[in-house]
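Here the structure comes first, spelled out in structure tokens, and everything after it is commentary.
Throughout, read-outs are computed from the coordinates displayed, never taken from laboratory work. What you see is a predicted model, and the numbers here were worked out from it, not measured in a lab. Neighbour counts run over all protein chains shown; Cβ positions are idealised from the backbone, glycine included.
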Amino acid sequence: MSDEAVDYDVLIPNNVGLARDPKMLRALETWYQGYHDWWMEMGPVGFQEADVWLRTAISVERDGWAKFSYVRMPEYRWGILLAPSEEDRVIPCGEHVGEPAWQSVPGEYRALLRRLIVVQGDTEPASVEQQRYLGKTAPSMYDMRNLFQVNVEEGRHLWAMVYLLQKHFGRDGREEAEVLLQRRSGDDDRPRILGAFNQETPDWLSFFLFTYFTDRDGKMQLEALAQSGFDPLSRTCRFMLAEEAHHMFVGATGVGRIVKRTAQAMAEAGIDDPFDTEAVRALGVIDLPLIQRKLNLHFSITLDLFGAEESTNAADAFTAGIKGRFHETEIDDDHRLHDAVYPIMTLDDGRLEQVEVPALKSLNARLRDDFVDDCGGGMRRWNREIRDSGIDFELALPHIAFNRDIGAFADGHITPDGRVIDEAAWNAERDAWLPVADDQAFLDELMSPVHEPGEFASWIAAPQKGISGKPIEFEYVRLP
Ligand code: BYC
Ligand code: FE
Ligand code: FE
């Protein structure tokens, strides 16, 4: 299959030859109307008229895939871009390992594949809905621009999945594409599919933790789907991963800049007790224990997104060859896993225990373990910032069993350091581990918008550098 250049002078920029496929083009143009309506109704509130310094994907080549310009978000070009095809690519895992990758949907796995694409697609608009009010409290124009960049790219990720549904799944694909525009994050009647995507993202600390942890689930799931034997899905996920890197950059640097500002302000004021909340908050910065409580919340909610530790769905998807493991092709084994085992943690009779279970059934746990590893880097940088300011405090990931709603620990009560306790003890201590109403009231009060280019709210440090070679004081968003 030959790869083609991206036609950028059309409503839907693409490298999938839409111009030669009038039927598909018409279907997508029709869907575009509904998408545009959804964006106006559920996209960023209050800034649809602003000119935003956005990057737009215009190519899939490694260097130069994006261009930067002022764009009004409703006029953003949401393109359909597949990463270059790999010559002679084969199915990397499962019963069909080594056979040529599928270019069309394998009939026997149609329902399973469609379900994965719909679940992936559903998270993308959900996150835009969750973040729609944040523009109003942006701590700087730089941060506001990053928020909107993430938002338009999540919109593009929805396009990526909708293209697969429309192109490869006929009538039920078109129906699913419609329904993706109808579900709403947090709605009682038509909620988004996965738990984390029905939660609120009420403030910027949550936004940065969300992009650090939850977008990283996005990265891990996209890595696993990039290993799909269904080649169009693999190619689309490979290109999405290029954008995902920026989302996690926003999270990692955002939390880092908050931590840095807090540590600086404490050092300047001569406060060395991180738990002297009143004194720290009086400086107009966010106390470290509150950051830890929010981190506990976002980490545990995100772990739920990996599904149950033991899952026949996961085994079926792997065996079918439609979802692989993280870096599947680099793993040195038979890629079938008939007899392999994998150690997982379980909660048995009130005790947390490591047990060996069939590797095929525990693929969700394995991907989650890879995710936890991947979370380490940013954490270490944040802690260096705190240590260098001479403050005795360390941010830590809570135990994987803490505060879980899905999987082996859902019925237990486990502390952040991994002790199993009873419900009464949990209720007594919960407020030390998870955000409380008073925390949210403080953040709501603290976060008022800063619109002067180059200036930053009291609770966050300036970034190291600007975007696309522009200075930090560049006017990243021009308000009408
Ligand atoms: N909430 O067999 P199990 C992203 C359901 S994020 C509610 O363990 P499975 C992004 C499950 O659906 C990445 N329900 O599950 C980030 C199943 O229901 P059915 C999104 C849940 O199938 C930030 C039942 O429980 N992509 O891109 O092995 C911003 C049994 O569970 C949840 C994907 O997730 C939950 N948390 O694994 C923007 C990749 N967990 O089918 C975007 C595609 C489980 O019996 N999805 N259930 O009715 C998948 O690979 C799988 O669907 C999951 C679940 C890993 C999510
Ligand atoms: Fe995404
Ligand atoms: Fe993302």
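Express in whole angstrom the spacing between the alpha-carbon centres of segment 138-181 and segment 1-73.
10
Please report the spacing between the Cα centers of segment 216-242 and segment 348-400 in Å, no decimals.
Taking the Cα centre of segment 348-400 as reference, the centre of segment 216-242 is 23 Å away.
Reachable aspartates and glutamates from LYS67, Cα under 16 Å, same-chain residues fewer than 8 places away excluded?
Within the straight-line cut-off, LYS67 pairs with ASP7, ASP9, ASP51, GLU75, GLU153, GLU243.
Using the basic label-point model (7 angstrom from Cα toward the beta carbon), what is the TYR70 to ASP187 distance in nanometres?
Here the modelled spin labels are 3.5 nm apart.
Over the chain, what relative contact order in percent results from Cα pairs under 8 Å that are six or more residues apart?
About 19 percent, as a whole number.
Here is the link list: LYS136/LYS465; LYS23/LYS323; LYS167/LYS361; LYS136/LYS260. Which ones come out longer than 26 Å on Cα distance?
Table pairs above 26 Å Cα-Cα are LYS23/LYS323; LYS167/LYS361.
Counting other beta carbons within 10 Å of each residue's own, what order do CYS375, CYS237, CYS93 fall into, fewest first?
Going from sparsest to densest Cβ surroundings: CYS375, CYS237, CYS93.
Give me HIS298, HIS399 sorted ascending by neighbouring Cβ count inside 10 Å, so fewest comes first.
The fewest-first ordering by Cβ neighbours comes to HIS399, HIS298.
Only loop residues by DSSP count here, and only those with at most 16 other Cβ atoms within 10 Å; note down the trypsin sites (Lys or Arg not before Pro) in segment 419-480 that meet that.
In loop regions of segment 419-480 (DSSP not H, G, I, E or B), the sparsely surrounded trypsin sites (Lys or Arg not before Pro) are ARG419, LYS465.
Which of rounded, prolate or oblate describes segment 7-67 when judged by the alpha-carbon gyration tensor and an a/c cut-off of 1.5?
Oblate, because a/c is 1.5 or more while a/b does not exceed b/c.
Let me have the 222 nm mean residue ellipticity of the chain computed from DSSP H runs of 4+ only, each contributing -39500 (n - 2.57), with the sum over all residues rounded to the nearest 500.
Using -39500 (n - 2.57) per qualifying helix, the result is -15000 deg cm²/dmol.
What shape does the chain have by the C-alpha gyration tensor, where a ≥ b ≥ c are the square roots of the eigenvalues, rounded means a/c under 1.5, and otherwise prolate means a/b greater than b/c and oblate the rest?
oblate
Taking a ≥ b ≥ c as the square roots of the Cα gyration tensor eigenvalues, with a/c under 1.5 meaning rounded and otherwise prolate when a/b beats b/c, else oblate, which class fits segment 413-470?
oblate
For segment 47-170, what is the largest minus smallest coordinate of the Cα atoms on each principal axis, given in angstrom and ordered from greatest to least?
Taking the Cα atoms of segment 47-170, the three principal extents are 52, 31, 24 Å.
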